[in-house]
Each structure stands twice: as C-alpha cells, then as structure tokens.
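This report refers to the structure that appears directly beneath it.
The values are calculated or read from the model by the stated rules, or taken from the named source; none is laboratory data. Keep in mind that what you see is a predicted model, and the values were worked out from it rather than measured. Note that each Cβ is placed from the backbone with ideal geometry, even for glycine, and that neighbours are counted across all protein chains shown.
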Amino acid sequence: MKAPLNWIKDYIDLDDLSIEEIANVMTMVGLEVDGVRLVGLPMPAGEHHEFKYEGLSWPADKFVVAQVEEVLPHPDADRLVLCRLNDGQKELVVLTGAPNLYPYKGVGQLEKPLKVAYAREGAVLYDGHKPGSVLTKLKRMKIRGVESFSMICSEKELGISETHEGVIILDDDAPTGMPLVDYMGDAVLDISILPNMVRDASIVGMAREIAAATKRPLRKPDDQLEMHGKSIKGRAAIEIRDAELNPRFVLGLIEGVEIKSSPYWVRRRLNLADMRPINCIVDATNYTMLELGEPLHAFDYDILIKRAGGKAPTIITRTAEAGEKLTTLDGETYELEPYMELVTDKAGALSLAGVMGGEESEVNVKTSCVLLEGAAWNFINIRKTISKLKLNSEASYRFSRGIHPALADQAVRLCLQRMLAWGGGVVAEGLIDEYPAPPEDPVVEISTHDVERMLGTAIPIDEIQDILTRLEFDCELNRDTIKAKTPPLRLDINPGLVGKADLLEEISRIYGFDRIPPKRLSEELPPQHGNQALDMEELMRDLLVDLGLQDTVAYRQTSPEREARILPEDADGEVREYLRIKNPITTDRTVMRRSILATMLEILEHNCHLRQHLAMFEIGPVFIPNADQLLPDEVLKLSIGMTGLRSQTTWQDKAPEVMSFYDMKGVIEGLMDGLHIPNPSYQPVKRPSFHPGKCAEVMVGEKVLGVFGELHPLVKAHYEFDDYPVLAAELDVTSLLEIATIIFDIEAIPSYPPVIEDIAVIVDETTSAEQIEALIWHAGGKMLNRVRLFDVYRGEKIGVGKKSMAYNLTYMAPDRTLTDKEAAKLRNKIVKNLEKELGAVLRSQ
Amino acid sequence: MMAITQAELEKEKLTALKQLKAVDNEDDLNSWRVACLGRSSAVTQAFSSLGSLSKEERPAMGKAANEVRKALEAALAERQEVLREASLQRSLQSEHLDVTLPGRPILHGRLHPLTQVLRRIYRIFGDMGFQIYRSPEVETDDNNFTYLNMPPYHPARDMWDTFYTSDEGVLLRTHTSPGQIRVMRERAPEDIRVILPGATARYEQLTARSEIEFVQVELLVVGKGVTFSELKGTLLDFAKLTFGEEARTRLRPSHFPFTEPSAEMDVECFVCGGKGCGVCKGTGWLEILGCGMVHPVVLKYGGYDPAVYSGFAAGMGIDRSTLMRYRIDDIRHFRNNDIRFLEQF
Ligand SMILES: [Zn+2]
C-alpha cells in the first residue's frame, strides 16, 4: 500500500522523527517499507540511506503558493494565456497553456484569486511534455514574443500524479507566498502488507503500529456526524440470507449531494495513495477505505427506488442463482457461480459483494441521494470468488484477508461525514444495521513464563501489558499473567494455545527483535541418524568430477515430445505414463520427466558446438507414476554424456582421437572402481536409444546397474549434434549405492619382485575379451596378480575371422621370488587352458 | 726400440701439456689422451722400457715416468672439467623455451555452483550439529499447505504460486517445508535438529530474474526448550560464517503461516557494502532467509505437543543468494548448463 506520510501524521505526532526513522520503525514492526517517493520533502541528509528514495523535492525558495489575479489572452496565440500573478513577494506575468485557465481568460480582475503552485526561475521539476519522469530546469526564454522564466505547475510537473491536462488549482485557503513544501510537501511510503496484517492496509492501522512501537498516543478518527435529515428507518431494508457469508450489513443515507470534485487536498492524497479521484462521493468511499481499512460502496438511492417500483428498496444479500450474470462498473459481464455472494434488490443483482459494484446502480453525475453500504463478508468465500473470476479490487484485496465487522458502522459514519463536507446535502437520521453474526473476539491468557519459554528472554509483565494495551487489547492483569481480549478490529488472533503464539508474535515484534539476545543452541544433540545415501551421492559426484566430468543440475519439468526424441520413430510403442502438470508454464514443460537420459542429451546438444570435448553428468530424480500410491516414485538416476575429442586440439596435440564407446566404458569402470563395486560385469544389450552393436549393461551378479553405449544413429539424427559419436549412460543411483562398499580389503604391497611377461593368442573374432580374461585368471590361480590387455590385432597374417589378443601378465608370490621355471609353468598352464577352451593359438613372439 | 731418456720424457711432457691447453672439445681431448697417455705414448714407452734399463737406472726412470703420467692425468682431468663446465654453460645458454606458450590443458570437471554452495551450507550447519534430511519433490497438498497451517483458501497460500498436477491433491512442492512434517512424523518424540535441502518449484514467468525451479535449504529444530533467542544465535553464526565476521544483519518481523513469531533475515548488501545498488534495489539490504518459531498447529500435525515442545525453522533460497554473490546476470544459467557458465566455478 502507498501511504502518504502526512496522512499518517493526522493520527500520530511524528514531526520529531525523520522519514528514515519512521520508515525504520515501520519496517521493524512488520510494515516493510519497500521505498520512499518524495513529493516535495527534501532528500534526507547524508550519503547512506536505509531505504530507496525517488521523487522530487521542492526547495522553499523555488516553489511557492501563488495567486492568479487575472488571466489575459496572449497577443498572438490562442492556446496560451498570460497570468497576472502574485507570488507573495511581487507581481509578475506568467505564461501558461493550461486549458483549465481558459474560462478565466479576459474576464478581468478575478473576484476570488486562483491559488496555484508556482515554480520560480531555476526550479528543477519534471518535464510535463515528456513521458515518464524527466527532470528539467526552468530557464529564461521567449515564447511567441513573450518572455517566460517561471511556471504554474501541473501535478505531473511536481511529481504528484501523471496528470498534465491543466495546472493545479489549490484550495482557497492556501496561504499565498508560503513555500509549497510547507503547504503540501509529502513523502509516500511504499509498504508491503503481510497477509495476516490486513488491518494495517489502512492509514489508522499503520499509525497504531507506529504509536505502539514508539510509545506515542494514537489519535482516533473523529466520526461525529450531523444527522439532520429525515430518519432512514423505513426508507430501506436489509435482508441477510446467510449470516455466515455476511455477518454484518450497515446502510446510511445522504440526500441532496452535489456531484463535484473533492477539495484539492483530498484529490492529492488519493493520487499519492495510487487511487484515481473521481468525484466527491466516490472519493469519500475510497478515502475512508484507505483511512480505516473498511471498503464501502455507494449506491444511487433513486435508481434503487425506481427498481423497487417507487417503494423503499430492500437490500438482499444472497448467493448467485444458476445462470445469473452481473455487469460490474468496469463494464465487464461475469457469469456467476452458485457460491458467489451478491448484494441484490428484488429486481436482481446490484453488486458482487465485497468485490465490485454493478454498473447500473453506481453513483453518476445525476446522483443526488446516496445509499452507503458498509458490510462484512466471509473472507474464504471472497477468495474463491476472486480466484475464479480473476477479478481483483482494493475492496476484495481487503475483504479476502478478513475485515472485522465492527469497522462497518464506524466507516459508514466517517464516510457520510466526508460526503457531507465535500458534496453538501443532508444526512438521514440513523443507520440501518443488521449484525447477525458478531465474531467472538478471543480472550487469550499469557504469562511471563510463556514469553520466556518461547523467546528465551524475560520481558517484565508491565511491558507486556503496555505493548498489548497500545495494540488496543483489553488487558486484565493477575500477578504474572495477563488475560488479553482481542480488540474488535482484527480477526487474526485465535483462542487457546495458538492464541498464545499469536500474542507472542505481537509482543516480540513491538518489543523489538533486536532487543532479544542471540544465544547458541543449548539442548543436548538429538539422536544421530546420519544420511548415508547423501554421503554416497556426494562421493559419487566427487568421483565423476575426478574422472573429468562436469556436474550439472537440470529442470525436472519437460514434455513427452521432448522425451520422445530419445527413441527412434519405430520404437517399441510402449505407453509411458507421466505425472502431468495441470497449469504448465510453457508447452514444452507439461510433465515431470521420466528420463534423465533425455535431459542429458539436451544438455549435450546445447553445448556440442561450444567445445571440442564434452563430458558431463547429472544426478537427479525421475518421476514414475505409481498406481498404488498418491505420489509418484522418485527414482534417483545418474546420467553421463560424452562427445567430441578425447582432448582439445592444441599447438602440441593437433589431432586428438575421437571419443568412442571405450571412453565411456573407462568412465563407468572408473566409477565402479571408485565406489568399490565388487566384480562388475558387462554384457551386450539392445536398447532402442543405443546403437545395437555398441551398447552394454553393467551388472553385478544378476542385478543390472545401468546401461551405456553409443547413441543410435536414428536417435542422434533427432538432435543437432556434430559428426562425433554421442556416448551416453544411464545408471540407477540407488542400486549403485546399495552395492557400493565403504569398507573393503586392500592388497598388501608385495615384498618380492614380480615376473612380468607378455603373451598373445589368436582366437575367433566372436570370442569376447571377458571370456579370455576369465580363462586366464582361472588357469593363473593365486600366483597371477594382474592381467592387462595391451593390443588387439586383426590382419592377413593371422587369417580372416580371427584376432590376436595380447596380454601383459604379472606373476607374483607373497613369500618368495618366483623362478623362471615356475613362471614358465604358469604360462604353459594358461596357454593350454586357452587352447583347450577356445581353440586359441599362441602367437609366436 | 730406442729407450727414451728422462730428458726426452720431460720434453714430451711439456709438449703434451702445451698441446692440451689448445684442446677445446671432447673429441680432441680423446685424441690427446690416446696420443699422450695411450699405448704408444712416450710415457707408456718409458714404462715398458724399464725392463731394459740397468738396476741403477730403473728407479729414477720409474719415478720420472710415474710423475709424468700423474701430471698428465691431472692436467687431463682438469681440462676435462673445464670442457664439461663450458659445455654445460653452452647448453644452458642455448636451450630456452617460450614460457608464454600455453601449457598442455588437462581436461577436468567441476561441481555445479549450486552443489558447491549446498556443500558449504551442509558443512556450516553440520558443525552446529544439524543432520541432513531429504524428502520428495512431488508432494501432497496436505504436506505442502494444510499441515503447515494453510487450510484450503487460506490467504497465505497466495504467497506461493503453485504448480498443480492432474492428480488431485498432488503438487510440486513450493518449498522444502513439507519435509518438516515428514521428519517430525518419522522421528517424534525425538528432539530434532536437521537441515532439509532440495529442489522446489514455483509457478512464475521464466525470466532473467525469476525461475520456476530452484533449490532451498530449510532448518528445523524441535525440543523442549528451543527459543527465539537460539534461532537468532544460530542464524547469526550462519550469517557470519557465510558472509564474513563483519557482516551486519537484521531480523525483521514477517509472516509465514507455519511459524509464529515469524521473521526475515536481511544481510547488508555484499555488493555495495550497504550503500545501495541495483542488486539490493537501493536499500543496502539483501533478504536472505525467512524464519520463525514453529507454529503450534504445525507441531501438532508433526506429532509434538506444543504445550511441551517448541521449535524453530528457517528457509532460504540458494539460487538467488548464489546469483547475488557471483553477480550472475540471469538466474536461468543454473539449469541451462551452458558449459561456458559452468566452467567458471
Ligand atoms: Zn547493494
């Protein structure tokens, strides 16, 4: 809410505090000041400000109240006039083009001079002809032969509003010659109102908080009202159909009003509070709402009588009937739902209760009698209505957060008083007040012990009582306990234990959070549970980074179309159930992802043209709907993506190799090794996303941990990849972490030197490396320490359909140096075994 | 063969020493050694001719030959050392690299900035005895709102723009707070001291300043004597460890349905030092977290009697503070995974 500071000062004396101090007090009681707009007042001294300031200051020597004595025509410009003006020091002639001065042109000396805001030569103000707020300095110049050096200002030029249709004409009592800043300089505080503090979406509410925090007296609005008209009794009736939805409804009546502009100071305040002035009647309802927090609605009483066939109207509040429609005063027609509360008469709907008035019965230029509504509405129902209709107003903003019904009659009285003052007429005697459901204002008991238990610091009982009393709680003190009755201006205090917490919040924020001393946690540590899954997940991240991969974090929201890219067109046709988002933000984020592989391919695609070498991973959940439970399964997955060159080209290394399946396998092996996963095995597998001959599953025993390989060419074609093969892996993190071992045996460092030798065997092309290695190990027994494949050779020398596999073998004994004879024996055994099982032939060295 | 005389030997020595002075490379030095100390050298001849000398002449000649050999050998060693030194100097002077050429790049990965920041937070709170508890990203409406004291149509639900799913009562959690309910229900009546990290989602326009998915970390402490003072002390320690010992902070009243009293913690803007800048929107303060005493309704839903137990909670967005810290121009960088961004951390 935008709160003009001078308006707040109507209710509390704050002249000894700077804007900065006031804004700070407000922020520290929960009325956070987002910014300050200066409208005349000077910028606070010093360089360091706690708040953001904008706006225009009016130096006292440059801006003054002046009076226009006479408006003369310009000798050769129809659209300009010359004003004979007195600025309190001397008489001058000022040139202006303001259309609202034309009516005075050439009528001679004005009987009642016009009070205006006058800017002298050298004044800095906003350029009225440029959009936005562009500063300009008044300089001496000639316009159409007439010298001009000063200006009568519009609201836009002074930074009050965007209006530049004419100059400001001040109220008649403005003292000529007074610096403008003293007459009407102000600062507008931009306040964020917390959801539970809607009582403070009002000038009086804010003043109350400041008064409590600074221990100053709060002035209450004077709602004394002269009611000299014929009694309202019998001239209107109220029928509330559901007191739950409409706990109170108050009507007042004023007759013979003149629909005209409000006094200038009213219009200025409304503008500063971001409300457009309309006429004195509508302005009175808005002004009172901003002041007290209670939204009001004015009906044209004569229209209601006409609708009632010349009789006294009966106002009925009820929910909408099936198919009922209403055109609101913004010209929109709404189809109403059966739960929506309406203010109606016997002829039909008049307004959407607490949200917006109807078009037909609104106050218009011909109105002379006004029936004024002050009511209370169920906030949940208002909420439902506005969220359904997407219709928001100042009224619905307040009612949807809960306005206490006790405010209704006070606000009606105050508003009638304003209508009378600004529009004339006579107020009908009395109000009609239906109040079927007054809320219970909870009485909450709170003791010094409660305060200390929760805040950790003791506050004396007198101070607690003082704070609550200033917030208008009715306090009954009994030694160290207070029984506090909630004031009838707020609905956010609950009974019982919750009420205690509610009061603690009130006490602590007014007492001041900064006065509560910080302490370290004093309780004994709770039982330790640890989080092994997270520890292992982070270990995995470290391992993958060590293996040269970049950690990524990705969006969970995607679309089935995006995920379909990971399958060839002729894929299985399996239906994949998704968790669908009801209100997607864009058409490409309609579901929660099922495939972490799809995410990784998108990441690679985004980056593949940026770097020659890419190697990335992500650890994150996928979301698989589960028919047996409300929530989907969140399965933690690891994806790895690699493409491009093995290293980047440099001046030394001009043609690095291209990464292949085996680079990915190296990463997988590195990960298995780092996690100490016992005996992982790899076997070929066919998966639609992968090349059928370049894809493997990694397993431990029968358990599949994941799949990796080179992307299927048809899948790759769905993306804008470079020519390099794209390598990808998807592993199940939970399975990996289940098998990973934290404690493992390590091998002793050998005390005796090893015997190292190479053998090469020629085998059929179909024989797998895994088969050969298993046979070598089997035959080698305990003495065989290490087997490393160092060459695979195919060629004419060894024949078609054959390959030569060369191994580097390490033999070792823990208790002695092996002899050549022993080594030869081992080699023979290994070779024999390969010959026997695979028909392998030892290749001559 | 003519026996060499002592005088001749002496003359040979002088000649040899003179020749040695002119030797300036290894090859010539080798030739000199062969000529002057080799098999056919004068000194070797002197030794081999000893047998033919008389008993009287032999000792003198032997001694002389020995001295000459020693002198020549010493001169050789000395010359050798000089040449070695000269050759080292030559090579040191001739072999030099352009040290400004780039080194051989080592390709390596990095942790994502959010992972790095999370780990720092884990460590800070770990030191204070907080354990880590994680819970699902897709949640029930009850856990995300109702059990956190926001029944349907509660005004405070507006504070979170929510992604709903086509499954009734299922939504993308808007904060990590539903984890509070889960950990309390799992552990009641044990005392609790945990942090709850994780991904959350909010229905917002995707722009440089607003993001639909982001990481949050929540704190929860529940026990029989947990106070607002301790909330303040814990957060103050956290702020000092994160933003520096000198960082000014303030606790300002706020409202969250699941805490009461509620507060927000601001830290003095670390970009401008509190003078006011674009990052802090001219206020000199940056809002870093929301916190408060756990609301009695939430304690009750969690299985703790609010008359006996109290607790505090705090929640902070990691993306936003990381963004401010590194002055990142676009919050979407975190999840776009552009290598040019990630490489810089
Ligand atoms: Zn700043």
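Taking the conditions (1) more than 23 Å from B:Leu299 (Cβ to Cβ); (2) polar (S, T, N, Q); (3) within 13 Å of another protein chain (Cβ to nearest Cβ) in turn, A:Asn478 satisfies each one other than (3).
Mind checking whether some residue in the stretch A:41-51 is outside any loop (DSSP other than H, G, I, E, B), at pLDDT 95 or above and either on the phi < 0 side of the Ramachandran plot or within 14 Å of chain B (Cβ to nearest Cβ) (or both)?
no
When the residues of the stretch A:192-216 are filtered to those that are within 12 Å of chain B (Cβ to nearest Cβ) and among the β-branched types (Val, Ile, Thr), the one that is farthest from A:Glu20 (Cα to Cα) is A:Val198. Considering (1) out of contact with any strand residue (DSSP E or B) (no Cβ under 6 Å at 6 or more places or on another chain); (2) part of a loop (DSSP other than H, G, I, E, B), the lone condition that B:Arg185 does not fulfil carries the number (2). One residue stands out in the stretch B:258-300 among those that are of a type in the set (Gly, Ala, Ser) and more than 12 Å from the ligand (Cβ to nearest atom): the one that is farthest from the other protein chains (Cβ to nearest Cβ), namely B:Gly290.
Looking at this structure, is A:Val365 under 24 Å from A:Ile281 (Cα atoms) and at pLDDT 95 or above? Criteria not met by A:Val365. Filter the stretch B:79-130 down to the residues that are surrounded by 11 or more Cβ atoms within 10 Å (Cβ to Cβ) and closer than 30 Å to B:Thr44 by Cβ, then identify the one that is farthest from the other protein chains (Cβ to nearest Cβ). Ranking the qualifying residues of the stretch B:79-130, first place goes to B:Arg79.
Kindly indicate whether B:Glu12 is in a helix (DSSP H, G or I) and either surrounded by 16 or more Cβ atoms within 10 Å (Cβ to Cβ) or at positive phi (or both).
The answer is yes for B:Glu12.
The single condition among (1) facing chain A (nearest Cβ under 9 Å); (2) within 27 Å of B:Glu230 (Cα to Cα); (3) at pLDDT below 95; (4) in contact with a helix residue (DSSP H, G or I) (Cβ under 9 Å, 6 or more places away or on another chain) that B:Met150 does not satisfy is (1). Taking A:Gln67 as the residue in question, decide whether it is surrounded by fewer than 20 Cβ atoms within 10 Å (Cβ to Cβ) and in contact (Cβ under 8 Å) with a residue 12 or more places away in the chain. When the stated conditions are applied, A:Gln67 does not pass them.
Of the residues A:Asp791, A:Asp815, only one is surrounded by fewer than 18 Cβ atoms within 10 Å (Cβ to Cβ), among the charged types (D, E, K, R) and out of contact with any strand residue (DSSP E or B) (no Cβ under 6 Å at 6 or more places or on another chain); which?
A:Asp815
When A:Leu372 is tested against (1) at pLDDT below 95; (2) under 24 Å from A:Tyr435 (Cβ atoms), just one condition goes unmet, and that condition is (1).
Residue by residue through the stretch A:151-191, note down the ones that are of a type in the set (Ser, Thr, Tyr) and crowded, with 23+ Cβ neighbours inside 10 Å. Once the filter is applied, which keeps residues that are of a type in the set (Ser, Thr, Tyr) and crowded, with 23+ Cβ neighbours inside 10 Å, the stretch A:151-191 yields only A:Ser154. Right, A:Ala349: in contact with a Gly (Cβ under 8 Å, 6 or more places away or on another chain) and under 30 Å from A:Arg208 (Cα atoms) or not? When the stated conditions are applied, A:Ala349 does not pass them. Pairing residues of the stretch A:766-789 that are under 22 Å from A:Tyr662 (Cβ atoms) with residues that are buried (at least 18 other Cβ atoms within 10 Å of the Cβ) and β-branched (Val, Ile, Thr), at Cβ distances under 6 Å and at least 6 apart in sequence or on separate chains, gives A:Ile776/A:Ile830; A:Val787/A:Ile776. Of the residues making up the stretch B:235-257, just one is over 20 Å from B:Phe145 (Cα atoms), more than 16 Å from the ligand (Cβ to nearest atom) and in a loop (DSSP other than H, G, I, E, B), namely B:Glu245. Residues that are buried (at least 22 other Cβ atoms within 10 Å of the Cβ) and at the interface with chain B (Cβ under 7 Å from one of its Cβ atoms) within the stretch A:505-514 comprise A:Glu505, A:Ser508, A:Arg509, listed in sequence order. Among the criteria (1) more than 10 Å from chain A (Cβ to nearest Cβ); (2) touching an Asp or Glu at 6+ places or on another chain (Cβ under 9 Å); (3) within 16 Å of the ligand (Cβ to nearest atom); (4) not aromatic (Phe, Trp, Tyr), the one B:Met316 does not fulfil is (3).
For the stretch B:93-120, residues that are of a type in the set (Lys, Arg) and either part of a helix (DSSP H, G or I) or touching a helix residue (DSSP H, G or I) at 6+ places or on another chain (Cβ under 6 Å) (or both) total 2.
Do we find that A:Pro517 is part of a loop (DSSP other than H, G, I, E, B), facing chain B (nearest Cβ under 9 Å) and at pLDDT 95 or above in this structure? When the stated conditions are applied, A:Pro517 passes them.
Only one of the listed residues (A:Val575, A:Val545, A:Val498) is β-branched (Val, Ile, Thr), within 11 Å of chain B (Cβ to nearest Cβ), within 30 Å of A:Phe690 (Cβ to Cβ) and surrounded by fewer than 21 Cβ atoms within 10 Å (Cβ to Cβ). That residue is A:Val545. Beta carbons closer than 8 Å, at least 6 apart along the sequence or on distinct chains, pair a first residue in the stretch A:377-390 that is more than 10 Å from chain B (Cβ to nearest Cβ) with a second that is hydroxyl-bearing (Ser, Thr, Tyr) for A:Thr385/A:Tyr339; A:Thr385/A:Ser396; A:Ile386/A:Ser396; A:Ile386/A:Ser400; A:Leu389/A:Tyr334. All but one of (1) within 10 Å of chain B (Cβ to nearest Cβ); (2) of a type outside the set (Lys, Arg); (3) assigned to a helix (DSSP H, G or I) hold for A:Thr469; which doesn't? Status for A:Thr469: all satisfied but (1). Among the numbered conditions (1) surrounded by fewer than 21 Cβ atoms within 10 Å (Cβ to Cβ); (2) within 16 Å of the ligand (Cβ to nearest atom); (3) not in a helix (DSSP H, G or I), the only one that B:Met324 does not meet is (3). Within the stretch A:626-652, the only residue that satisfies the criterion of being touching a residue at least 40 places away in the same chain (Cβ under 8 Å) and within 8 Å of chain B (Cβ to nearest Cβ) is A:Pro632. Among residues of the stretch A:415-440 that are small (Gly, Ala, Ser), those with a beta-carbon under 8 Å from a residue that is surrounded by fewer than 21 Cβ atoms within 10 Å (Cβ to Cβ) and assigned to a strand (DSSP E or B) at least six positions away or on a different chain give the pairs A:Gly425/A:Glu255; A:Ala428/A:Gly229; A:Ala428/A:Glu255; A:Gly430/A:Lys233.
Within the stretch B:182-218, restricting attention to residues that are among the charged types (D, E, K, R) and more than 11 Å from chain A (Cβ to nearest Cβ), which residue is nearest to B:Ser321 (Cα to Cα)? Among residues in the stretch B:182-218 that are among the charged types (D, E, K, R) and more than 11 Å from chain A (Cβ to nearest Cβ), the one nearest to B:Ser321 (Cα to Cα) is B:Arg209. Those helices (runs of 4 or more DSSP H) of the stretch A:676-787 in which 1 or more residues are closer than 20 Å to A:Ile830 by Cβ and out of contact with any Pro (no Cβ under 9 Å at 6 or more places or on another chain) occupy A:769-780. Taking the stated definitions as given, is B:Val226 at the interface with chain A (Cβ under 10 Å from one of its Cβ atoms), within 27 Å of the chain's Cα centre (by Cα) and away from the ligand (no atom under 12 Å from the Cβ)? No: the conditions fail for B:Val226.
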